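Q: Here it is: the structure, laid out below.
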Amino acid sequence: MKTETVRTGADGEGSATQLIVTGSTDPRPMRITRTAGSRVRSVLKHVGLSLLGLLMLYPLLWMLVSSFRPTEDIFSSPGLSLEGFTLENYTLGWDALSHPFGRYLLNSAVVVLGAIVGNLISCSLAAYAFARLTFRGSKWMFGLMLLTIMLPLQVIIVPQYIMFNSVGWVNTVLPLIIPKLFATDAFFIFLMVQFIRGLPRELDEAARIDGCGHFRTFTQILLPLMTPALATTAIFTFIWTWNDFFSQVIYLTSPESYTVQPALRAFLDSQGQSSWGPLFAMSIVSIIPVFLAFLFGQKYLVRGIATTGMK
């Protein structure tokens with residue numbers, strides 16, 4: 001540090017001395033070195049997290065390795081070593097059922113695409129109504145909508161099945177797509193409502209001054225700003241619909257209408273015997289779309305969830 005002494009005061013009067021402390025003359029910034037103890041804790045933390053991640057991924061890695069093993073060697077070792085490599089499980093599994101496995105992938109893609117489009121349209125419109133419009137009973141309706149999040153699907157599956165069976169929709173993809181057009185996923189409505197509430201209302205007022213109605217305000221002003229929330233809705237809808245087993249196995253009863261999940265169940269016969277090699281191989285094939293969706297969409301997931309509810 002550098003100090004300077006300055007004397008003040010007129011002749012014949014008491015003088016005062018002022019001590020001025022200036023900054024260091026060294027232009028280099030001060031560096032805080034990490035202690036040895038903090039380095040050890042950081043290393044132990046990363047090692048522990050890596051081991052925990054490996055433990056969580058081990059079943060998936062074992063299934064991946066087992067898909068390249070001969071069927072008779074799958075359960076011979078719980079390790080990840082691959083002694084006998086074969087692609088036979090993939091060729092057998094692709095044509096093991098009554099239709100090629102690509103048919104079931106296509107059926108799942110149709111259901112997923114319909115669910116995504118339905119949720120994006122209906123949930124965004126419902127969210128705009130709850131977040132920007134003022135009408136009688138809006139708070140009560142919003143509360144009832146939130147209560148449906150706690151309602152399990154198993155509670156309403158019987159009346160839904162009776163209703164869809166009466167209109168002849170069983171064994172079609174319509175029961176899996178049409179409800180999405182009526183904003184039945186309350187979680188996504190809540191997600192978008194919180195996101196819209198974080199947008200300034202001055203945008204709506206400026207749009208009304210320019211002569212925009214509610215529809216143009218929503219489609220031309222707010223909707224482009226809702227990209228993170230829309231992307232989060234699309235990715236979650238893709239993952240949940242693709243991995244859904246319960247509702248798909250209820251409504252899809254014929255092999256030609258199977259999606260991926262009922263098709264994988266078909267590898268297991270009624271006696272509990274299974275073609276484990278082809279089953280593991282097709283399971284890996286079915287995981288690839290979900291993995292890619294999460295890989296390329298994780299930044300939108302983080303952004304959409306992180307900005308939800310911010311004012």
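Q: Which residue is nearest to Arg201 (Cα to Cα), if the candidates are limited to the range 124-140 and must be of a type in the set (Gly, Ala, Ser) and within 28 Å of the chain's Cα centre (by Cα)?
A: By that ranking, first place goes to Ala131.
Q: Continuing with the same structure: Would you pick out the residues in the range 201-260 that are among the aromatic types (Phe, Trp, Tyr) and within 30 Å of Ile287 (Cα to Cα)?
A: Matches in the range 201-260: Phe236, Phe238, Trp240, Trp242, Phe245, Phe246, Tyr251, Tyr258.
Q: If you go through the range 118-143, how many residues are within 22 Å of Thr237 (Cα to Cα) and without any contact (Cβ under 8 Å) to a residue 12 or more places away in the chain?
A: Count: 1.
Q: Any residue at all in the range 161-171 that's farther than 30 Å from Tyr258 by Cα, free of Cβ contacts under 8 Å to residues at least 12 places away in the same chain and of a type in the set (A, V, I, L, M, F, W, C)?
A: No.
Q: In addition: Is it true that some residue in the range 83-98 is within 30 Å of Ile178 (Cβ to Cβ) and free of Cβ contacts under 8 Å to residues at least 24 places away in the same chain?
A: no
Q: Could I ask something else about it? Does Phe85 qualify as being of a type in the set (Phe, Trp, Tyr) and more than 30 Å from Gln220 (Cβ to Cβ)?
A: yes
Just so you know, all these numbers are worked out from the coordinates, no wet-lab data involved. This is a predicted model, so every value here is computed, not measured. Every residue, glycine as well, gets a Cβ built from its backbone with ideal geometry; the counts of neighbours run over all protein chains shown.
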